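A short write-up of the structure that comes next.
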Amino acid sequence: FSQEKVTVVFVLGGPGAGKGTQCERLVNDYGFVHLSAGDLLRAEQKREGSEYGQLIADHIKEGKIVPQEITIALLRNAMKQAIDAQGKTLSGHDVPQQHKSKWTDGKGRFLIDGFPRKMDQAIIFDETVCLSRFVLFLQCSEKVMLERLLERGKTSGRTDDNEESIKKRFQTFVDTSMPVVEYYRKQDRVVEVDSEQSVEQVTEAIRKAMNDTFA
Ligand code: UP5
Ligand code: MG
């Protein structure tokens, strides 16, 4: 995707930091299409005829990172679909509600949540899909994330919202995903927000960062 046609913001943070919650709140204000790598993987896992169903299920339960080519292909497809849908909007066709974004500057704006979380993903996406505009990093302690995930686990139905899987997700985050954040920090691309505050306060802090870039 050419840098003139799409703008990507990566939203990173530990398991339960609030990536999904915050992305949903930003979609309308800034005309983003929100793509959660985890949600795309869970959808692919359930898709009838998917050859990766079992592999994805096993990786998610163990808190391991699914091989990058699977996730990047899913993201690339979802981006392409949203861009095509936008073209159809302009020519008056009906498109799914979630793809009706307000891409006022003629660019596709994407919030990509929970990706990249391993160095190979970061480098390959940057080189073969596009460079992100910046990286929003939601900082949150494990104690708070654990409380949130256990609470959510009572109703979420997610196979990884149990204490055992959560511990593995935390370990993967520290060992594998934090190096990605550090990599972007060295490039001066990271905007960090404290996500232990209330949902509203976190959104407000993110808005401040967004407004500098997307007035
Ligand atoms: N909540 C949120 N914000 C709150 C706040 N400020 N105050 C109080 N409560 C707050 O939030 C989690 C819970 O906390 C919710 O109940 C919410 O109401 C509450 P949420 O917004 O869902 O947090 P999020 O950061 O999105 O947490 P999530 O569990 O989705 O994070 P993960 O990063 O663990 O999950 P993801 O879906 O991204 O990935 C799952 C798995 O997929 C990975 O472990 C991995 O196995 C696989 N994966 C890959 O292999 N490759 C990828 O590239 C991506 C994923
Ligand atoms: Mg999420």
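Values quoted throughout were computed directly from the atomic coordinates according to the rules given, and no laboratory measurement underlies them. Here the structure is a predicted model, which is why all the values come from computation and not from measurement. Cβ placement follows ideal geometry from the backbone for every residue including glycine, while neighbour counts extend to all protein chains displayed.
A compact table of results
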| item | result |
| --- | --- |
| Ascending count of other beta-carbon atoms within 10 Å, so fewest first, for Thr71, Thr128, Thr172 | Thr128, Thr172, Thr71 |
| Within the chain, longest stretch free of exposed trypsin sites (Lys or Arg not before Pro) [DSSP loop, at most 13 other beta carbons within 10 Å] | 103-215 |
| Reachable lysines, given that their alpha-carbon falls under 16 Å from the alpha-carbon of Lys107 and they are not under 8 places away in the same chain | Lys5, Lys80, Lys88 |
| The chain, relative contact order [Cα under 8 Å, separation at least 6], % | 34 |
| Calculated diffusion of segment 103-171, Stokes-Einstein form, Kirkwood radius summed over Cα pairs, 4 °C and 1.567 mPa s, µm²/s | 88 |
| Kirkwood Rh (inverse of mean 1/r, distinct Cα pairs), segment 132-211, angstrom | 14.1 |
| Net dipole in debye of the chain [+1 Lys, Arg Cβ; -1 Asp, Glu Cβ; about Cα centre; nearest 20] | 320 |
| Rg and Dmax [Cα atoms of segment 6-213; Å; Rg one decimal, Dmax integer] | 16.7, 50 |
| Distance from segment 131-167 to segment 54-75 (C-alpha centre basis), Å | 17 |
